[in-house]
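Worksheet: one structure, shown below.
The values are calculated or read from the model by the stated rules, or taken from the named source; none is laboratory data. Keep in mind that what you see is a predicted model, and the values were worked out from it rather than measured. Note: ideal-geometry Cβ built from the backbone for every residue, glycine included; neighbour counts use all protein chains shown. The protein model used for the area step is the full one, side chains on, heavy atoms only, and it has no ligands, DNA or RNA in it. Shrake-Rupley method; radii C 1.70, N 1.55, O 1.52, S 1.80 Å.
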Amino acid sequence: MDYEFHWNIVFQKMPELLQGAFVTLHVSVLSMVLGIAIAVFLAIAKMNNTKPFNYVAVGWIEIARNTPALFQIYMAYFGLGAFGIHLSPYMAVLSALVFINAGYLAETFRGGFQSIPDAQYNASKSLGMTSFQTYRYIILPQMFRRIYHPMTNQFVWSILMSSLGILVGMSELSGETQRLQSLSFRTLEFFIVTAVLYYIITKFVLICASLLSKRLFKGEI
Amino acid sequence: MGSLFTPLSWSDTGFILTGVWNTILISGLSIFVGSVLGVIVGFARAESNKYVNFLFGSVLDVLRSVPLIIQLVLFSTFMGVMGSPLPPFVAGTIILSLYTMAFMAEVFRGGFESVNNSMIIAGRSLGMTYWQTIRHVRFPIGLRSVFPAWLGVALSVIKDSALVSVIGYVELLRTSDQLISRTQQPLEILIGVGLFYFLISYPLSVYGRRIERKHAL
């Protein structure tokens, strides 16, 4: 092996990489927040039998779940141009991630909601609770506990998939790496450091999530 | 001089079909290799003590926590730097198989661990050897129960195989990318590509859900 590693340049560019990592976190957090908001509506629409909404929800969920993330990003970046909508790389990746997250999370929410037996509604009604109280104290806490782990996984998935921004020239961690390595030709070094950064980010998120779950659920999962 | 951008024509079908074939080829091969490795690693994890498990687990963890695209670029650059550059197909298959293995191993491990230990003990008390209990009890029961999960991972690999285009493998999404830059008709081409993935993935996911429901009952 006659390759000399040059790490100096990578460490010099570390602030820019960290800036990219920040954008990665930023876009994935935002995609989760928006995705959760839309997923709630999709889940309700899918469980409801009001026709047009039902079709939209089912269509959205199935398309999001059955096509590649890269396809969604291309669609947002190149495809929407046909309608005269030109998104920046950031917006393209964000909207693709929101689209997919909403689709996956809607199924998660629906599953979590339907996993709570009907008997509990009836029991709380018979105890004299109002509908709001039933949801607030009985249904939603249990549901949240069941969807917490799938939601964490979806968040990690969003972080990993935001790396596709590299293909549309977005300046998140991967895109930034791509740009910096093309300036210095230290491809291997830069990508090794990026891989390590991704590992640290996902581990950090998972550890935080598990600490938070201990605090939230006090061990009763 | 003719226009630089020529519309999509029937002569492009061959090119698209090459992409379709390459997508099917690389994802099929990776699912196969990944599943075989996944069964082996999953079995090893289910059977071994916690120290070995920790070692296996952390390697698999790295494969799952680094984006596939970074793994692909890293591996193909690494091999190039080492002086033995691999063709995109080989590099892509290796990484995609390992990536598949990382997920499959957990799926199969769960399956093997779900087989009740008393069944194994019953087998042993009937005079079966250790390997016979594995062959006739643990494998058939463990593998059957994880089929829906296996299908889920396999479908995600088909979708993730689109990423192999970054190291230059001409699969479906890359052919469409090239056609888009020539024809400047992104929407039509992309919808076609999306439809292809959807038509493969949707029926299988419906099938998987049905099996899962049958199991649950």
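Counting only protein heavy atoms and a 1.4 Å probe, tell me what percentage of the range B:66-179's accessible area is made up of carbon and sulfur.
Details: 3030 of 4620 Å².
Percent of accessible area from carbon and sulfur atoms in the range B:66-179: 66.
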- Query: Per the Cauchy relation, a quarter of the hull surface: what is the mean projected area of the convex hull of the alpha carbons in the range B:134-187, in nm²?
  - Reply: 5.7
- Spin-label model distance (nm) - B:Val90 vs B:Tyr207, 7 Å beyond Cα toward Cβ: 3.3
- Message: From zero outward in steps of 5 Å, how is the percent of C-alpha pairs of the range B:153-217 spread across the bins?
- Response: 4, 16, 20, 20, 15, 10, 7, 5, 3, 1, 0
- What accessible area per residue, rounded to a whole number of Å², is obtained for the range A:120-203 using a probe radius of 1.4 Å? 45
- Using θ = phi - 60° and the Karplus form 6.51 cos²θ - 1.76 cosθ + 1.60, what ³J(HN,Hα) does each residue of the range B:128-141 get, whole Hz, x for Gly and Pro? 6, 7, 3, 5, 5, 5, 4, 5, 9, 10, 5, 5, x, 6
- Query: Name the residues of the range A:183-221 whose accessible area falls by at least 10 Å² when all protein chains are present instead of the chain alone, probe 1.4 Å?
  - Reply: A:Thr187, A:Leu188, A:Phe191, A:Ile192, A:Ala195, A:Tyr198, A:Tyr199, A:Thr202, A:Lys203
- Mean separation of Cα contacts under 8 Å, 6 or more apart, over the residue count of the range A:66-221: relative contact order %: 21
- For chain A, what is the Kirkwood estimate of the hydrodynamic radius, computed as the reciprocal of the mean inverse distance between distinct Cα atoms, to one decimal in Å? 19.7
- Item | Distance from the range B:29-75 to the range A:166-221 (C-alpha centre basis), Å | 19
- Where labels lie 7 Å past Cα in the beta-carbon direction, separation of B:Thr18 and A:Val33 in nm: 4.6
- Using alpha-carbon coordinates, inclination of helix A:187-217 to the longest axis of chain A, degrees: 20
- Query: Which shape class, rounded, prolate or oblate, goes with the range A:129-221 when its Cα gyration tensor gives a ≥ b ≥ c as root eigenvalues, a/c under 1.5 marks rounded, and past that a/b bigger than b/c marks prolate?
  - Reply: prolate
- Query: Carbon-plus-sulfur fraction of the accessible area of chain A, 1.4 Å probe, in percent?
  - Reply: 67
- Projected-area average for the protein assembly as shown over all orientations - Cα convex hull basis, square nanometres: 27.7
- Message: Tell me which of A:Val23, A:Val10, A:Gln154 sits at the most positive position along the dipole axis of chain A, charges placed on C-beta atoms (Lys, Arg +1; Asp, Glu -1).
- Response: A:Gln154
- Rounded to the nearest 500, the 222 nm mean residue ellipticity computed for chain B from DSSP H runs (n ≥ 4, each -39500 (n - 2.57)) alone is -26000 deg cm²/dmol
- Note on the structure: Summing -39500 (n - 2.57) over every DSSP H run of at least 4 in chain A, dividing by its residue total and rounding to the nearest 500, the 222 nm mean residue ellipticity is -25000 deg cm²/dmol
- Query: Mean separation of Cα pairs under 8 Å and 6+ residues apart, divided by the residue count of the range B:12-216: what relative contact order is that in percent?
  - Reply: 31
- Yeah, the range A:179-221 with a ≥ b ≥ c from its alpha-carbon gyration tensor (a/c under 1.5 is rounded, else prolate when a/b outruns b/c, oblate otherwise) is prolate
- Item | Separation in nanometres of the label points that stand 7 Å from Cα toward Cβ, at A:Gln142 and A:Glu16 | 5.5
- A:Lys218, A:Lys51, B:Lys159, ranked by accessible area, largest first (probe 1.4 Å): A:Lys218, A:Lys51, B:Lys159
- Task: Evaluate Rg over Rh across the range B:12-216, taking Cα atoms for both radii and Kirkwood's formula for Rh.
- Result: 1.06
- Taking 20 Å² as the minimum loss, tell me which residues in the range A:68-92 lose that much accessible area going from the chain by itself to the full protein complex (1.4 Å probe). A:Pro68, A:Leu70, A:Phe71, A:Tyr74, A:Met75, A:Phe78, A:Gly79, A:Ala82, A:Phe83
- Protein accessible surface hidden between A and B, which excludes ligands and nucleic acids, total in Å², probe 1.4 Å: 3100
- 1.4 Å probe accessible area per residue over the range B:12-216, in Å²: 47
- Round to the nearest 0.05 the FRET efficiency obtained for A:Lys218 and A:Met129 when R0 = 25 Å and r is the Cβ-Cβ distance. 0.60
- Could you calculate the FRET efficiency of A:His149 with B:Leu187 from 1/(1 + (r/R0)^6), where r is the beta carbon distance between them and R0 is 41 Å, rounded to 0.05? 0.65
